[in-house]
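**Q** Sending over a structure as structure tokens; questions will come in a sec.
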Amino acid sequence: MIHWYGYPLPAMRRESHFGDRIVACFAERPRSMHAMFAATVATHGAREAMVFEGRRWSYRELDDVSSRVATGFAACGIRQGDRVVLFLGNLPEFMMALYALQRLGAVAVPVSVREQRPGLEYIVNQCGARAIVYETTLAERLPDAPAAPALALRLAAGAEFDALIRNEPMATAAHVHEEDTALILYTSGTTGRPKGAMLTHFNVVHSAMHFEACMRLTCQDRSALAVPASHVTGVVAVLATMARIGGAVIVMREFKASAYIREAAAERVTYTVLVPAMYNLILLQPEFDRHDLSHWRVGGYGGAPMPVTTIDALAQKLPSLILTNAYGATESTSPATIMPVGDTRAHVDTVGVTVPCGDIRIMDDAGCEMPRGETGEIWIGGPMMVKGYWDNPEATAREFTGGYWHSGDLGAMDEAGYVRIFDRKKDMLNRGGFKIYSVEVENVLMSIAGVVEAAVVGVPCPVLGERVHAFVNAPATASISPAQVRAFCAERLADYKVPEAVTMVDAPLPRNANGKLLKRVLREQVADGAA
């Protein structure tokens, strides 16, 4: 029996994939997203698959609807391999279209509803999309026909989409190879044009199985889709993972803390993946103590360690909730590390350990592996790593080496295998020769009571090179002053790491369409004197 930090795992073996990669794989696995979904329909057909604003679909009903939509797509000329943009928020049509496209062997291209017209036009043309399914409220953002000549079908959610459901079910699913692209997700594009990461069936299946095994999920679990379905966390950590295990997805149009609390209590949600700021907002809600959230047993979160104050507050209020860090990216099809259950408090400064089939190396600038405990760039390999970027061989060659993706994150791995993330390579500050990892300062800022989110950027200085500037988002009712922030940091950080300037805001910090913090914008605000 194979084990991962005490957890039993399915049988594993090494296999050759994507031409030049040798990766550890789960030996017994579905060979496509559709096969994974179909297996669950066969086993758990009567179980609840999706809930949206009081409407409910079993797996058998969702399969029937998506099969009819697939017939409709085919009648409109969509064929295997065609790219179809899903310009949809968290709606039932997203899941219906997603599984219809997988049945057809077409490629779904989810795009954030925060994307504006120029960005959407670029994505549609870059992937050569044949069709787009969109929300009617977003119609004005669609590119004009001359600007997107390959876009043959434009289908609005609502009556137009509902017409597809009136078709006969599609009898057979297309045969796809597991290395075929299932999804294209466009990376954040904090600088320059976004890149279309090609998530294969092979990638998605392994990530869903990683979540299943490492978070001990079963068909009894119920997950709230509170993050965007168009993001890798929503489409893989929630939708694909629930499809793998036969759990229910409670679809929420958007995250609002008070509404989340009410819905999670009413639907007896057991599993979620949120960002730390969402947990902080939930804790700040007056109704938190008025609703029964005792069924909530697994709380995933991503990117950076959770502030200790948040961990302790949740442990006090929800003792049955297990917080589990999961670090990853679009290129890693969601998780590259997961915190073993029960280890969060003891390893609070880490993002957990490498997922069972994954392989993480800490590399220096010369491409040499660093010893345990030393800092370098995190390179990630494994069956969950995408095969590259759509129609962008230059970026693929630049960012992948032998199947390992250069994450751009600086970190270290200790002797026990726990990974620490210190900073993005480009975000590390240098103040008078002293290196400052912005994440370290941000974690201290996040431990201040009442702070929702925080970010640290470097401000150019002719003498020291850079000075530390902090942006802190806290509600006005918290009554936190810049002087109090600096004093708090001074008690916990070396003097050169203490922010020399603090900008207090009571609104969310700027993020791009995929929800990634835009430190470039914060730097510009400082340079323009707006902060």
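The values are calculated or read from the model by the stated rules, or taken from the named source; none is laboratory data. Values in this document were obtained by computation on a predicted structure and should not be read as measured data. Here the Cβ positions follow ideal geometry from the backbone for every residue, glycine too, while neighbour counts run over all protein chains shown. Just so you know, the surface numbers come from the protein's heavy atoms only, side chains and all, with ligands and any DNA or RNA stripped out. Shrake-Rupley method; radii C 1.70, N 1.55, O 1.52, S 1.80 Å.
**Q** Leaving out ligands, DNA and RNA but keeping every protein chain, what accessible area does Arg130 have, in Å² rounded to the nearest 10, with a 1.4 Å probe?
**A** About 90 Å², rounded to the nearest 10.
**Q** In addition: Once you have all Cα-Cα distances for the stretch 157-218, histogram them in 10 Å bins from zero and send the whole-percent values.
**A** All Cα pairs considered, the percentages come to 17, 22, 35, 24, 2.
**Q** Moving on. Taking the full set of protein chains and a 1.4 angstrom probe, give the accessible area of Arg56 in square angstrom, rounded to the nearest 10.
**A** 120 Å²
**Q** Under 8 Å for C-alpha pairs, at least 6 residues apart: give me the relative contact order for the stretch 336-447, rounded to a whole percent.
**A** 22 percent
**Q** Under the rule of -39500 (n - 2.57) per DSSP H run of 4 or more residues, summed and divided by the residues of the chain, what mean residue ellipticity at 222 nm is obtained, to the nearest 500 deg cm²/dmol?
**A** Only helices count here, giving -8000 deg cm²/dmol.
**Q** So for Val341, Val273, what's the accessible-area order with a 1.4 Å probe, most first?
**A** Working: Val341 45, Val273 15 Å².
Result of the area sort, largest leading: Val341, Val273.
**Q** Among Lys256/Lys519; Lys387/Lys519; Lys435/Lys516; Lys435/Lys497; Lys425/Lys519, which pairs are too far apart, with a Cα-Cα distance over 19 Å?
**A** Pairs exceeding the cut-off: Lys256/Lys519; Lys387/Lys519; Lys435/Lys516.
**Q** Continuing with the same structure: Which of the three applies to the stretch 223-348, rounded, prolate or oblate, going by the alpha-carbon gyration tensor with a ≥ b ≥ c and a/c under 1.5 meaning rounded?
**A** Because a/c hits 1.5 or more and a/b fails to exceed b/c, the stretch 223-348 counts as oblate.
**Q** If packing is taken as the average count of other Cβ atoms within 10 Å, what order do 254-262, 162-170, 219-227, 496-504 fall into, highest mean first?
**A** Packing proxy ranking, top to bottom: 219-227, 496-504, 254-262, 162-170.
**Q** Solvent-accessible area of His3, probe 1.4 Å, all protein chains present, reported in Å² to the nearest ten, please.
**A** Estimated to the nearest 10 Å², His3 gives 110 Å².
**Q** Next question. Suppose we keep just the DSSP beta bridges with both residues in the chain; what percent of those would be antiparallel, to 5?
**A** Antiparallel bridges: around 60 percent, rounded to the nearest 5.
**Q** Give me D for the stretch 109-247 in µm² s⁻¹, whole number, from Stokes-Einstein with Rh from the Kirkwood sum over alpha-carbon pairs, 20 °C and 1.002 mPa s. Present the calculation step by step, with values, prior to reporting the outcome.
**A** Values: Rh = 17.0 Å.
Approximately 126 µm²/s, per Stokes-Einstein.
**Q** Still on this structure, please answer the following. Calculate, for the chain, the solvent-accessible area per residue in square angstrom, rolling a 1.4 angstrom probe over the heavy atoms of the protein chains. Could the numbers behind the result be given before it?
**A** Details: 20850 Å² over 531 residues.
Counting only protein heavy atoms, the per-residue value for the chain is 39 Å².
**Q** While we're here: Suppose a student asked you for the relative contact order of the chain, using Cα pairs under 8 Å spaced at least 6 residues apart; what percent would you report?
**A** Working: 1127 pairs, mean separation 60.1, N = 531.
Averaging sequence separation for qualifying contacts and normalising by length gives 11 percent for the chain.
**Q** Please report, in debye to the nearest 20, how large the charge dipole of the chain is about its Cα centre when each Lys and Arg carries +1 at its beta carbon and each Asp and Glu carries -1 there.
**A** Charge dipole, the chain, about its Cα centre: 400 debye, nearest 20.
**Q** Next question. Does the stretch 200-296 come out rounded, prolate or oblate, given a ≥ b ≥ c as the square roots of the eigenvalues of its C-alpha gyration tensor, rounded meaning a/c under 1.5 and, failing that, prolate meaning a/b above b/c?
**A** Because a/c hits 1.5 or more and a/b exceeds b/c, the stretch 200-296 counts as prolate.
**Q** Follow-up question, since we're still on this one. Take Cys489, Cys76 and sort them by solvent-accessible surface of the protein heavy atoms, 1.4 Å probe, largest at the top.
**A** My answer, sorted largest first, is Cys76, Cys489.
**Q** Let me ask another. Within the chain, which complete DSSP H helices have Cα atoms spanning at least 20 Å along the helix axis and a mean Kyte-Doolittle hydropathy of -1.0 or higher?
**A** Answer set is 59-75.
**Q** Just flag the GluC sites (Glu not before Pro) in the stretch 75-122 sitting in loop per DSSP whose Cβ has no more than 15 other Cβ atoms within 10 Å.
**A** none
**Q** With all protein chains present, how much of the accessible area of the chain (probe radius 1.4 Å) comes from carbon and sulfur, to the nearest whole percent?
**A** On the way: 10750 of 20850 Å².
So the carbon and sulfur contribution to the accessible surface is 52 percent.
**Q** Rounded, prolate or oblate: pick one for the stretch 34-177, where a ≥ b ≥ c are the square roots of the eigenvalues of its C-alpha gyration tensor, a/c under 1.5 means rounded, and failing that, prolate if a/b is larger than b/c, else oblate.
**A** prolate
**Q** So how much slack lies between Arg117 and Ala346, counting 0.36 nm per residue of separation and subtracting their Cα-Cα distance, in nm?
**A** In short, 77.8 nm is gained.
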